[in-house]
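In what follows, a single structure is set out as structure tokens and then discussed.
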Amino acid sequence: MTSTKKPSYRKKKTAGFTLLELLVALAILALLTTLVAPRVIGYLGSSKTKVAKIQLENVEASLDLYMLDNGSYPNSLSELLENTKNSPNWAGPYLKSKEGITDPWGRPYLYKMPGENRDFDLISLGADNKEGGDGENQDIKAN
């Protein structure tokens, strides 16, 4: 006796997702994005403001060290990085890199010596690069 196999006409199941499952997954991702993205963007803006405050404190401390070594504050922030005046008492660089004198938005800090109410003014104009503002557009000043 010979056995005869009947040909199988069943379709093999293929692994994968249906169109409905994909649409549901995309809808969930879109919902999460609309809920989470504004909060993440808000944290990013406030963190740049916090970074600017910390950087201003560091630059202010560097300016004070410069003044102690040289007897006066520098005319520009670049003097914290290089001895442009060829001062014999210069003991710098007082900052590690040029990034120390630029704010988190990529613009140099505004430095004015003498300042309006103190020896110097050190300011970042915030994200909008304009005077005034609030939130991440607020002006940030050294104490």
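Take the residue pairs 48/141; 53/96; 53/141; 85/141 and return only those whose Cα atoms are more than 19 Å apart.
85/141
Taking square-rooted eigenvalues a ≥ b ≥ c of the alpha carbon gyration tensor, is the stretch 97-143 rounded, prolate or oblate, where a/c under 1.5 means rounded and, failing that, a/b exceeding b/c means prolate?
oblate
Leaving out ligands, DNA and RNA but keeping every protein chain, what accessible area does residue 57 have, in Å² rounded to the nearest 10, with a 1.4 Å probe?
100 Å²
Can you tell me which aspartates and glutamates have their Cα less than 13 Å from the Cα of residue 130? Leave out same-chain residues fewer than eight positions away.
Partners within reach: 139.
Rounded to the nearest 20 debye, what is the charge dipole size of the stretch 19-80 about its Cα centre when +1 sits on each Lys and Arg Cβ and -1 on each Asp and Glu Cβ?
Around 380 debye, computed over the stretch 19-80.
Using a 1.4 angstrom probe on the protein heavy atoms only, line up 54, 123, 140 by accessible area, largest first.
The residues order as 54, 123, 140, largest area first.
Just to confirm the number: angle between the C-alpha axis of helix 19-70 and the first principal axis of the chain, 0 to 90 degrees, nearest 10?
20 degrees
Among 102, 22, 54, whose Cα projects farthest towards the positive end of the dipole of the chain, with charges put on the beta-carbon of Lys, Arg (+1) and Asp, Glu (-1)?
Farthest along the dipole direction, towards plus: 22.
Given q = 0.12, 0.16 Å⁻¹, what are the Debye log10 I(q)/I(0) values for the chain, with equal point scatterers placed on the Cα positions and solvent ignored?
Result of the Debye calculation: -0.64, -0.89.
To the nearest 20 debye, what charge dipole does the chain have about its Cα centre, counting +1 at the Cβ of each Lys and Arg and -1 at the Cβ of each Asp and Glu?
Roughly 2120 debye, rounded to the nearest 20.
With +1 on the Cβ of every Lys and Arg and -1 on the Cβ of every Asp and Glu, and nothing else charged, how large is the dipole of the stretch 75-143 about its Cα centre, in debye rounded to the nearest 20? Could you put the intermediate results ahead of the total?
Numbers: 8 positive and 12 negative charges, 64 e Å.
The calculated dipole for the stretch 75-143 is roughly 300 debye.
Cα-based Rg of the stretch 16-94 per 2.2 N^0.38 Å, rounded to two decimals?
Its radius of gyration relative to the 2.2 N^0.38 Å reference: 2.20.
For 39, 118, 107, give the ranking by accessible area with the largest first, probe 1.4 Å.
39, 118, 107
Amide H of residue 102 versus every other amide H placed in the peptide plane: which residues, excluding those fewer than 5 positions away on the same chain, fall under 5 Å?
The answer is 109.
The values are calculated or read from the model by the stated rules, or taken from the named source; none is laboratory data. As the structure is a prediction and not an experimental result, all values here were calculated from the model. Here the Cβ is made from the backbone with ideal geometry for all residues, glycine too, and neighbour counts use every protein chain on show. Accessible surface areas use protein heavy atoms only, side chains included; no ligands, DNA or RNA. Shrake-Rupley method; radii C 1.70, N 1.55, O 1.52, S 1.80 Å.
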